[in-house]
Amino acid sequence: MSLKTEKTERRAIHVDQSELLCKKGCGYYGNPAWQGFCSKCWREEYQKARQKQIQEDWELAERLQREEEEAYASSQGAQGGQPSLGFAKFEEKKSNEKTRKVTTVKKFFTASSKSGQKKDMKEPKAPSPSLTRQCSIETDRVSKEFIEFLKTYHKAGHDVYKQCKVFLEAVQHKKESNIEELSEYTQDFYQNTADKLQMYWKVPPIKVEEAMDQIEKFIMTRLYKHVFCPETTDDEKKDLAVQKRIRALHWVTLEMLCVPVNEEIPEVSDMVVKAITDIIEMDSKRIPRDKLACITGCSKQIFNAIRTTKNEPASADDFLPTLIYIVLKANPPRLQSNIQYITRFCNPSRLMTGEDGYYFTNLCCAIAFIEKLDAQSLNLSEEEFSRYMSGQASPKKHDSDIWDTDTCPGVKQMHRNLDLLSQLSERQERIVTEAKKLEKDLIDWTDDVTREVQDIVEKYPLNIQSSTQALASIDSENVEDDRLPPPLQPQVYAG
């Protein structure tokens, strides 16, 4: 593979570090789920859009109410009759309509009642007793650990526990709300609790971060089954789409992505397996921070594999293609649901800064690249890419996929040498063919130039006429030569 081809491949899957940051320029990491903003900036933009929508809906409701009142008043005026009775009926209807309008608008902006939802929705399937018992045991264990942890914070810990209980009770009443509203409510709770610990209780920043991790663990263990991949979202549909896309790309090789990892090295192969295990294990965790830890563990295994292969530190340009390759090999279950769950309910400080935020942002970029991976990204022709995607053909397998583990190494080496000689022979044939084509092109070009020159000479003949006038001296026309002064002579002056 030529250097030019390698650079082309790298450029196809390269991402600048500046592209990982929030596009508003605040310095934190952005996220495709937040349209390139960080958590803080996204919430600001979301609040602005939401307030604008609410204002527009209120204006529409008021306009419709005025139009209905005007229409009713005009119809009563046209009927005539007893004016006092008609006016009384009009006032009564106006009051009733206004009450109905306000109630309708309030229902539009508040969560639906549980009874109404139960009538429209099918009754969910009851979980198995074993699963319920397991969740209950884990919830009790996490609750006890949380209480023991808060004892070290004394009064601040008591206040935090009280706030968490109030938050969980409030969420119980908001279960039927939009998942984005629950996410925003949770993020506000994180921010308010952290600010109160640091400003009111004067807790050091390090201990605040530890407390926020425990708070996240406590509340998300209880809320996991309600907020992970809810039925009101299209997370499951996205999961199936990504899973189908990764299955269709099962033929992508290390060389196509220009991944600097040699899986023939046993140590590197073990690291690749561990990275795949970590990214798959993410789905088994219930807490966003634990899912994030799986992503970080997978990323560190990737960096170790690259460093072992190259005998030098890995770069960001090496990391992203390798992460794409690991995701393609692992095909993690419910990938988009896990990404959305982390985005919505993880402590925002972890996603916006630090190595966890960096690795999570790179994973989001890797998924985005996989969704739009094309022939140019893999340095393939459109015909080859279409054949591989349709299953009509597959790239040449590596030796490790062809031979059994007990095959003699000498036989493997002999066949590798024969394969290399075959490739060299094909390359030589291509070079000879191209050389003959170049020779023919040069001959044709020479003939074309000669023919064009002859045509021009015949069309415009060159007539050379000899001069009959004798050459004259450059000063022949100067008739005043005798009047010129004599040349200057050097003179010596006595000092």
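When Ala156 is tested against (1) open to solvent by 80 Å² or more (accessible area, probe 1.4 Å); (2) more than 22 Å from Arg350 (Cα to Cα); (3) more than 30 Å from the chain's Cα centre (by Cα), exactly one condition is not met: (1). If I ask for residues that are closer than 10 Å to Ala305 by Cα and touching a residue at least 40 places away in the same chain (Cβ under 8 Å), which ones from the range 247-285 would you list? If the condition is that a residue be closer than 10 Å to Ala305 by Cα and touching a residue at least 40 places away in the same chain (Cβ under 8 Å), then Pro260, Val261, Asn262, Glu263, Ile265, Glu267, Val268, Val272, Ala275 are the ones that fit. Selection of the range 191-231 for residues being of a type in the set (Phe, Trp, Tyr) and over 20 Å from His154 (Cα atoms) yields Tyr224, Phe228. Quick check on the range 29-50. Is at least one of its residues at pLDDT 70 or above, open to solvent by 90 Å² or more (accessible area, probe 1.4 Å), of a type in the set (A, V, I, L, M, F, W, C) and part of a helix (DSSP H, G or I)? The answer is no, given that none of the residues of the range 29-50 is at pLDDT 70 or above, open to solvent by 90 Å² or more (accessible area, probe 1.4 Å), of a type in the set (A, V, I, L, M, F, W, C) and part of a helix (DSSP H, G or I).
Yes/no matrix, rows are residues, columns are (1) modelled with pLDDT of 85 or more; (2) open to solvent by 80 Å² or more (accessible area, probe 1.4 Å); (3) of a type in the set (D, E, K, R); (4) over 18 Å from Met256 (Cα atoms):
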{"residue": "Ser394", "(1), (2), (3), (4)": "no, no, no, no"}
{"residue": "Thr405", "(1), (2), (3), (4)": "no, yes, no, yes"}
{"residue": "Leu418", "(1), (2), (3), (4)": "no, yes, no, yes"}
{"residue": "Leu424", "(1), (2), (3), (4)": "yes, yes, no, yes"}
{"residue": "Gln428", "(1), (2), (3), (4)": "yes, yes, no, yes"}
{"residue": "Val432", "(1), (2), (3), (4)": "yes, no, no, yes"}
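Considering only the range 278-289, state which residues are open to solvent by less than 50 Å² (accessible area, probe 1.4 Å) and either in contact with a His (Cβ under 8 Å, 6 or more places away or on another chain) or part of a helix (DSSP H, G or I) (or both). Answer for the range 278-289, where residues must be open to solvent by less than 50 Å² (accessible area, probe 1.4 Å) and either in contact with a His (Cβ under 8 Å, 6 or more places away or on another chain) or part of a helix (DSSP H, G or I) (or both): Asp278, Ile279, Met282, Asp283, Pro288. Kindly provide the set of residues from the range 410-453 that are within 24 Å of Glu264 (Cβ to Cβ) and among the aliphatic types (A, V, I, L, M), ordered by number. If the condition is that a residue be within 24 Å of Glu264 (Cβ to Cβ) and among the aliphatic types (A, V, I, L, M), then Val411, Met414, Leu418, Leu420, Leu421, Leu424 are the ones that fit. Test Glu236 against the criterion of being open to solvent by 10 Å² or more (accessible area, probe 1.4 Å) and over 17 Å from Asp283 (Cβ atoms), and give yes or no. No, not satisfied.
For the range 241-278, the tally of residues that are over 26 Å from Leu380 (Cβ atoms) and within 21 Å of the chain's Cα centre (by Cα) stands at 1. Does the range 253-265 contain at least one residue that is at pLDDT 90 or above, open to solvent by 80 Å² or more (accessible area, probe 1.4 Å) and not charged (D, E, K, R)? Taking every residue of the range 253-265 in turn, none turns out to be at pLDDT 90 or above, open to solvent by 80 Å² or more (accessible area, probe 1.4 Å) and not charged (D, E, K, R). For the range 138-146, the criterion of being at pLDDT 90 or above, surrounded by 12 or more Cβ atoms within 10 Å (Cβ to Cβ) and among the charged types (D, E, K, R) is met by at least one residue.
Okay, residues lined up against (1) over 33 Å from the mean Cα position of the chain (by Cα); (2) in contact (Cβ under 8 Å) with a residue 40 or more places away in the chain; (3) farther than 14 Å from Phe345 by Cα:
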position: Lys151; (1), (2), (3): yes, no, yes
position: Val160; (1), (2), (3): yes, yes, yes
position: Lys175; (1), (2), (3): no, yes, yes
position: Ser183; (1), (2), (3): no, yes, no
position: Asp188; (1), (2), (3): no, no, no
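Return the total of residues in the range 436-460 being more than 60 Å from the chain's Cα centre (by Cα) and of a type in the set (Asp, Glu). Residues in the range 436-460 being more than 60 Å from the chain's Cα centre (by Cα) and of a type in the set (Asp, Glu): 2 in total.
Between Leu168, Leu197, the distinction of being open to solvent by less than 80 Å² (accessible area, probe 1.4 Å), under 33 Å from the mean Cα position of the chain (by Cα) and in contact (Cβ under 8 Å) with a residue 12 or more places away in the chain belongs to Leu168 only. Summed over the range 304-348, the residues that are surrounded by fewer than 20 Cβ atoms within 10 Å (Cβ to Cβ) and among the hydroxyl-bearing types (Ser, Thr, Tyr) give a count of 3.
The values are calculated or read from the model by the stated rules, or taken from the named source; none is laboratory data. Everything numeric here is computed off the predicted structure, so don't read it as measured data. Here Cβ is always computed from backbone atoms with ideal geometry, including for glycine, and neighbour counts include all displayed protein chains. We work out accessible area using only protein heavy atoms, side chains counted, and drop any ligands, DNA or RNA first. Shrake-Rupley method; radii C 1.70, N 1.55, O 1.52, S 1.80 Å.
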